[in-house]
């Protein structure tokens, strides 16, 4: 009898735990910390995007990743009370138009409990150079992993 109760409680608990890596669980940042063994392809497929898209959104010049490096990735976000698209776009380095397009929204209205995909803005490239605003550079610099030789 005890085994059945423990098994039932365990199953109920598992139903409430969300183990999807794509769901941000209302994380204030849409960043992914690179781990040992990660590849850009693996990260792109996990977050439902492409290699080129990850490169453009993170200002990457190559596929080389460093453990601890942070990458901006698309996420799924559950709307909570007080959320508006403009605020979400600021928090997640996106734009209102990108969020609306990614979710097929025709207005700026979102509802509590609604799940929306938030895609970070792309960085502008000019040849081999990444063009950034001061805020984009600050955010990029904050999310990089540097190693001294």
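Taken together, the values in this text are just the output of simple stated rules run on the coordinates, not laboratory data. Predicted, not measured: the structure shown is a model, and the values here were computed from it. Glycine also receives a Cβ, built like all others from the backbone with ideal geometry; neighbour counts cover every protein chain displayed.
Sorted fewest first by neighbouring Cβ atoms within 10 angstrom, 135, 33 come out as 135, 33. Of the three principal axes defined by the Cα atoms of the stretch 21-142, the extents in descending order read 40, 30, 24 Å. Residue 137 label point, 7 Å along Cα→Cβ, cut-off 14 Å on backbone N: hits in the stretch 81-111? So the set is empty, nothing qualifies. Length gained on full extension, residue 86 to residue 122, computed as 0.36 nm times the residue gap minus the Cα-Cα distance: 11.2 nm.
With R₀ fixed at 41 Å, the C-beta to C-beta distance from residue 39 to residue 96 puts the FRET efficiency at about 0.80. Short-range pairs are left out: with C-alpha atoms under 8 Å and at least six residues apart, the relative contact order of the stretch 21-142 is 27 percent.
For 88, 131, which order do you get if you count the other beta carbons within 10 Å of each Cβ and list the fewest first?
By the 10 Å Cβ count, ascending, the order reads 131, 88.
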